[in-house]
1. Using the Karplus curve 6.51 cos²θ - 1.76 cosθ + 1.60 with θ = phi - 60°, work out ³J(HN,Hα) for each residue of region 54-62 in order, rounded to whole Hz, and write x for Gly and Pro.
2. Could you pull out the pairs from Lys33/Lys67; Lys116/Lys136; Lys67/Lys173; Lys67/Lys136 whose alpha carbons sit more than 18 Å apart here?
3. Spelling out what I want: for every residue of region 293-302, take phi, set θ = phi - 60°, compute 6.51 cos²θ - 1.76 cosθ + 1.60 (Karplus), and round to whole Hz; glycine and proline get x.
4. For the chain, which longest stretch is free of loop sites, where a loop site is one of the trypsin sites (Lys or Arg not before Pro) that DSSP puts outside H, G, I, E and B and that has at most 15 other Cβ atoms within 10 Å?
5. Can you compute the charge dipole magnitude of the chain about its Cα centre, using +1 on each Lys and Arg Cβ and -1 on each Asp and Glu Cβ, nothing else charged? Give it in debye, rounded to the nearest 20.
6. What full-extension length gain, to one decimal in nm, is calculated for Asp71 and Ala196 as 0.36 nm per residue of separation minus the Cα-Cα distance?
7. Scale the Cα Rg of region 176-249 by the rule-of-thumb value 2.2 N^0.38 Å and send over the ratio, two decimals.
8. Under a point-charge model restricted to the Cβ atoms of Lys and Arg (+1) and Asp and Glu (-1), what is the dipole moment magnitude of region 170-289 relative to its Cα centre, in debye to the nearest 20?
Amino acid sequence: MRLVFALIMTAALIGAAHAGDKRIALTFDDGPKPDGAFFTGAERTDRLLTALRVGGVEQAAFFITTKHLADETSIQRVRDYAGEGHVIANHSDRHEWLNRMTAEAYAADIDLAEKKLEEFENRRPWFRFPFLNEGKASEKRDAVRAALAERGLLSGYVTVDTYDWHMDRVVAKAKAGGHCIDIDGVGEIYVEMLVAAAEHFDQMARETLGRAPAQVMLLHENDLAAMFADDLAKGLRRAGWEVITADEAFADPIAEALPETLFSGMGRVAAFAYEAGWRADRLDHPASDEAAIEARFEAAGVLACEAL
Ligand SMILES: [Zn+2]
């Protein structure tokens, strides 16, 4: 009997550490963004699609800011994302802070974005709050939650918050300043910080939820993503992650679990951690910290090759 018990326990432990335990989907906000420091918008889309293909990312989610659908090229870029099997969802039209608008105006902006997205294939009924801002008052937050429910829209929450947008901004600034950039070194830091963020929120989920939900990583449709999305996928796998589809991630029970707290700016796992008593000292992470990101680039010297 003891042997059978030991075998069952061993099987359970192997199962617990098996692939499927750490699962993560990649999501890209704000596209189709205008030209960047390295690529035109159209070049960025081509490169990002190639990177996702090379990285074996079967289905990412693109949360579209529809004010960027300003010309045929931009519209075509979203068709291209959908055409390669990625899914398209709503990130509002104007990309405003909910706490600076009425719930009615906010819902109207969501509706306008839905209308502009109608023509695309592979759409999903998901809405991602710009700036992850769900308002500063529970009445307004609840009014927008009700508006989403009326429209059959699910919150396109994130669980792994990152400031990839700040990394992109810092590197773009260095390029504009004429600095020599060690782009491979930038890529290594990009991957290292984002994988560390995934680990951070994975640990947070295990400690506060008692389980490992499918994670949803927040990224942006920016030049660094176009350069390094394949390296990121590979880096995540090296760290034991399975890169899953956005559909699989948003099928996790956490999708239906709405936090009570108004602390929404770091995503859903952090919101539950906040409710469990976690504060900045445990919630914060270098990949969600502008000064830490700058310090990491600075220490590696990757944005000032001439100084080496
Ligand atoms: Zn955004």
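No value in this document is a laboratory result; all are computed from the given coordinates. As the structure is a computational prediction, the values presented were derived from the model and not from experiment. All Cβ positions, even for glycine, are placed from backbone atoms using ideal geometry, and neighbour counts span all protein chains on display.
1. 4, x, x, 8, 5, 8, 9, 10, 10
2. Numbers: Lys33/Lys67 10 Å; Lys116/Lys136 28 Å; Lys67/Lys173 24 Å; Lys67/Lys136 25 Å.
Pairs exceeding the cut-off: Lys116/Lys136; Lys67/Lys173; Lys67/Lys136.
3. In residue order, the calculated couplings are 5, 4, 5, 5, 5, 4, 4, 7, x, 7 Hz.
4. Numbers: sites that count: Arg94, Lys136, Arg151, Arg211, Arg279.
With a cap of 15 other Cβ atoms within 10 Å, the longest stretch comes to 1-93.
5. Details: 34 positive and 52 negative charges, 124 e Å.
Charge dipole, the chain, about its Cα centre: 600 debye, nearest 20.
6. Values: separation 125, 0.36 × 125 = 45.00 nm, distance 3.75 nm.
Gain in length upon complete extension: 41.2 nm.
7. Details: Rg = 14.3 Å, N = 74, 2.2 N^0.38 = 11.3 Å.
Here the Cα radius of gyration is 1.27 times the empirical estimate.
8. On the way: 10 positive and 21 negative charges, 35 e Å.
The dipole magnitude comes to about 160 debye.
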